[in-house]
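The values are calculated or read from the model by the stated rules, or taken from the named source; none is laboratory data. Everything numeric in this text was worked out from a predicted model, so none of it was measured. Glycine also receives a Cβ, built like all others from the backbone with ideal geometry; neighbour counts cover every protein chain displayed.
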Amino acid sequence: MTTGSVPTTAAAKSGATKWIGIAVVVVIIVVGLAYFFLYNPGPTITTVTVVMPNGVAADQSLNFQPSTITVVIGVNNTVVWTNQDTTDHTVVNATASPTAFGSASALIGAGKTSSYTFMVPGTYNYFCNLHPTWMKGTVIVKAHS
Ligand SMILES: [Cu+2]
């Protein structure tokens, strides 16, 4: 038994273990980054549905459902109004602010939809000009954080 050979072997084993550990960590990081950059699908933009419920043309207790929504640009800033009633309705921007949208002459027939994509942050009040006293809604548009 020679002095020095045992410590040298132990040091060699310790060094190999360390480098294997480092290699494993590097591989995990590289694979993780590759997965992130190759397969990250990016944000999924979804739509928000606002219903014009059945009976809203006559029943003044009904309204757009939900009557107030909050959307985020780049996330869910396309709003789809769905007419589930049996008669026409419209979506008209009440104040043309921050930007105008909708149309008093674009009737949304029974079973039809109309959509708008909001690109400017702000609070948009709108109404149905055929039933303006009780069909009133608000879309709050927020910038992406
Ligand atoms: Cu209406």
**Prompt:** Restricting the search to region 82-123, which residues are out of contact with any strand residue (DSSP E or B) (no Cβ under 8 Å at 6 or more places or on another chain) and within 20 Å of residue 53 (Cβ to Cβ)?
**Reply:** 86, 87
**Message:** Against the condition within 16 Å of the ligand (Cβ to nearest atom) and without any contact (Cβ under 8 Å) to a residue 60 or more places away in the chain, how does residue 105 come out, does it pass?
**Reply:** yes
**Asked** Where residues in region 46-60 are touching a residue at least 60 places away in the same chain (Cβ under 8 Å) and within 12 Å of the ligand (Cβ to nearest atom), which of them is surrounded by the most Cβ atoms within 10 Å (Cβ to Cβ)?
**Response** 52
**Request:** Please tell me if residue 145 is modelled with pLDDT under 95, among the small types (Gly, Ala, Ser), within 16 Å of the ligand (Cβ to nearest atom) and surrounded by fewer than 17 Cβ atoms within 10 Å (Cβ to Cβ).
**Result:** no
**Prompt:** Among the residues of region 115-139, how many are in contact (Cβ under 8 Å) with a residue 60 or more places away in the chain and under 17 Å from the mean Cα position of the chain (by Cα)?
**Reply:** 2
**Item:** Conditions (1) surrounded by 13 or more Cβ atoms within 10 Å (Cβ to Cβ); (2) within 14 Å of the ligand (Cβ to nearest atom); (3) small (Gly, Ala, Ser); (4) farther than 13 Å from residue 79 by Cβ: number failed by residue 114
**Value:** (4)
